[in-house]
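Following: one structure in structure tokens, then a few remarks.
The values are calculated or read from the model by the stated rules, or taken from the named source; none is laboratory data. Note that the coordinates shown come from a computational prediction; the quantities given were computed from them, not determined experimentally. Note that each Cβ is placed from the backbone with ideal geometry, even for glycine, and that neighbours are counted across all protein chains shown. The accessibility values were calculated without ligands, DNA or RNA, using every heavy atom of the protein model including side chains. Shrake-Rupley method; radii C 1.70, N 1.55, O 1.52, S 1.80 Å.
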Amino acid sequence: MSSSLPDNPYILYSDGKGNIFEDTSLYAVGRSGWDALPVPAEDWIALPSGGSLYELPGRRGIGIDVETGQMRLCEKGWAVAAFIPPAYTGLYLAAYETLPDAPTLPLFCYTAVGWLEGQFYTPVVRIEQDIRQEAAGYDNDLIHQGVGAALQAFPHNRLVKHLAEKCCLTYHCPAARNFFIGRWECPVPSSPACNANCIGCISFQPEEENIVSTQDRLDFRPTKEEIVEFTVPHLQTAPFPIVSFGQGCEGEPLLMWETIRNAIVEIRKHTPNGSININTNGSRPAAVKALCEAGLNSIRVSTNSARKHVYEPYYRPNNYVFEDILESLRIVRSYGGWASINYFVFPGMTDSVEEYEALRKLIIDTGLSMIQWRNFNIDPDWYLGKIGIHDTGEALGIKQLMSLIREEFPNLKFGYFNPPAERISGSYEEDFAHS
Ligand code: SF4
């Protein structure tokens, strides 16, 4: 529900034992870069279904005193943030002061949140109508039936076993669960190695770091046969089918390009259906070209920024540079394919004036098809500290940034998920609210 709220939501705090309370002496505010600031009333919406709340140990929430109008800390407990569900993009981070010795926060997004009249509110926008990862859409009985059937149908397939036991039943990966329900986007991890060293890598964190990766990285190289065996039936039978290489439980799929190329060639011998996509760091344009030759339909290149000097300190690339990821996007467009960026949104950084100018240039230079406005799953202080950003500069506001980009590039699509072939080739909005 979006509305100009009758009043500003109140700040939340936790007792450190998982119990959360509102403090009606303080209004909740948001964070952009290193700054705490008021959130416009029209930006608060009720916390969408599937959202959850986090208590932030070693951190005191910042709010506006209801009486004095001054900003001050909430000393009653730890700060609280919202983890917002897929399809929504956060406009402001949670605002807090980090106390000395506070632990680094795990790899989730920390969006502002408040409480008013019996409801949690958070400043986010729904950026995608596609319902493929709506929490309410998952039926556990159907998922378990699907897992059982797939393991029976493909008894010797290590990848199906990995997707079943690890991705679906352990990590509860939305894409893996959709595969076992026989619908939409099917994940195909393939690479145990990576040629980048992202600070916030979700599949590998160095021993010396005091946070853990949210998934373990794949520990084998699947064969072409293992990939083709379950992806062809998925493309032939699933509604709005997509096969997506490059998942959170692996390294960089382009390091496995020969196997992926051979799999695409084999898949297309059996079916023309659906879209074959790769989620990647875009590091190897020549490999991307070979995949396009084989029949790749779309690419999604992940990035924390359209600026080289912000990208490289985060990705810490081995043997590639920022310009390579731009070239990979261009190549897919030159083959008529769909090119998206998986844009890690960080209020204060993503909407800085400098980033806006760089993003405009990236869109023009690459002929980009789509921006997937993803929430950056990382401890904000840790991230800015690690990439050496002490001043994020003037910020436009995420909403303002989105409307400026939409106005200048009317054909550029906004979303959160890789589009199915039906979307790529035709009617984009109306058909797929219920894809
Ligand atoms: S590109 Fe992906 S797998 Fe590689 S380090 Fe970055 S997040 Fe991890």
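Let's test the formula: R0 of 35 Å, r as the Cβ-Cβ distance of Glu357 and Gln129. What FRET efficiency results, to the nearest 0.05? Walk me through the numbers before you get to the answer.
Numbers: r = 29 Å, r/R0 = 0.84.
Between Glu357 and Gln129 the formula returns 0.75.
DSSP loop (so not H, G, I, E, B), at most 16 other Cβ within 10 Å: list which chymotrypsin sites (Phe, Trp or Tyr not before Pro) in region 1-106 pass both filters. It would help to have the intermediate numbers written out before the result.
Numbers: sites: Tyr10, Tyr13, Phe21, Tyr27, Trp34, Trp44, Tyr54, Trp78, Phe83, Tyr88, Tyr92, Tyr96; in loops: Trp34, Tyr92.
Loop-located and lightly packed - Trp34.
Quick one: angle between helix 398-408 and the longest Cα principal axis of the chain, in degrees between 0 and 90, rounded to 10, please.
Taking Cα atoms only, the helix is inclined about 50 degrees.
Label-point separation (nm) for Glu225 and Asp139, each offset 7 Å from Cα along Cα-to-Cβ?
3.5 nm
Residues of the chain: accessible area per residue at 1.4 Å, in Å²? Let's see the in-between values first.
Details: 17420 Å² over 435 residues.
Per-residue value: 40 Å².
Which pairs, out of Lys361/Lys413; Lys166/Lys386; Lys224/Lys269; Lys161/Lys224, put more than 20 Å between their alpha-carbon atoms? Please list the in-between numbers first.
Numbers: Lys361/Lys413 16 Å; Lys166/Lys386 30 Å; Lys224/Lys269 13 Å; Lys161/Lys224 16 Å.
Pairs exceeding the cut-off: Lys166/Lys386.
What GluC sites (Glu not before Pro) in region 1-82 are in a loop by DSSP, with at most 16 other Cβ atoms within 10 Å of the Cβ? Before the final figure, lay out each step's value.
On the way: sites: Glu22, Glu42, Glu55, Glu67, Glu75; in loops: Glu67, Glu75.
Sites meeting the loop and neighbour criteria: Glu67, Glu75.
If the cut-off is 15 Å between C-alpha atoms, which aspartates and glutamates fall inside it for Lys308, apart from same-chain ones fewer than 8 positions away?
Straight-line reach from Lys308, under 15 Å: Glu323, Asp324, Glu327, Glu354, Glu355, Glu357, Asp365.
For each cysteine in the chain, check whether another cysteine's C-beta sits under 4.7 Å from its C-beta; list those where none does.
By the Cβ distance rule, which asks for a partner under 4.7 Å, the isolated cysteines are Cys74, Cys109, Cys168, Cys186, Cys194, Cys249, Cys292.
Using the Kirkwood radius over Cα pairs, work out the Stokes-Einstein diffusion coefficient for region 10-126 at 25 °C and 0.890 mPa s, in µm²/s as a whole number.
On the way: Rh = 13.9 Å.
D, rounded to a whole number, is 177 µm²/s.
Using alpha carbons only, how many angstrom separate the centre of region 163-239 from the centre of region 245-307?
One Cα centre to the other: 14 Å.
How much length is gained on full extension from Ile211 to Asn19, taking 0.36 nm per residue of separation minus their Cα-Cα distance? Kindly include the intermediate steps, with their values, before the conclusion.
Numbers: separation 192, 0.36 × 192 = 69.12 nm, distance 2.35 nm.
In short, 66.8 nm is gained.
So what is the calculated 222 nm ellipticity per residue for the chain, using -39500 (n - 2.57) for each DSSP H run with n of 4 or more, over all residues, to the nearest 500 deg cm²/dmol?
Values: 12 runs with 123 residues, N = 435.
Dividing the helical sum by the residues of the chain leaves -8500 deg cm²/dmol.
If you place +1 on the Cβ of every Lys and Arg, -1 on the Cβ of every Asp and Glu, and leave all else neutral, what size is the dipole of region 94-184 about its Cα centre, to the nearest 20 Debye? Show your work: numbers first, answer last.
Working: 7 positive and 9 negative charges, 112 e Å.
Approximately 540 debye in magnitude.
Can you pull the Kirkwood radius for the chain, inverse mean 1/r over Cα pairs, to one decimal in Å? Kindly include the intermediate steps, with their values, before the conclusion.
Details: mean 1/r = 0.0446 Å⁻¹.
Result for the chain, one decimal place: 22.4 Å.
Output the 0 to 90 degree angle, nearest 10, between the alpha-carbon long axis of helix 224-237 and the longest principal axis computed from the alpha carbons of the chain.
The helix 224-237 is inclined about 80 degrees to the chain.
If each of Lys386 and Ser52 carries a label point 7 Å out from its Cα toward its Cβ, how far apart are those two points in nm?
Result for the modelled spin labels: 2.1 nm.
Over all directions, what mean area does the Cα convex hull of region 337-384 project, stated in square nanometres?
Numbers: hull surface 14.6 nm².
Result: 3.6 nm².
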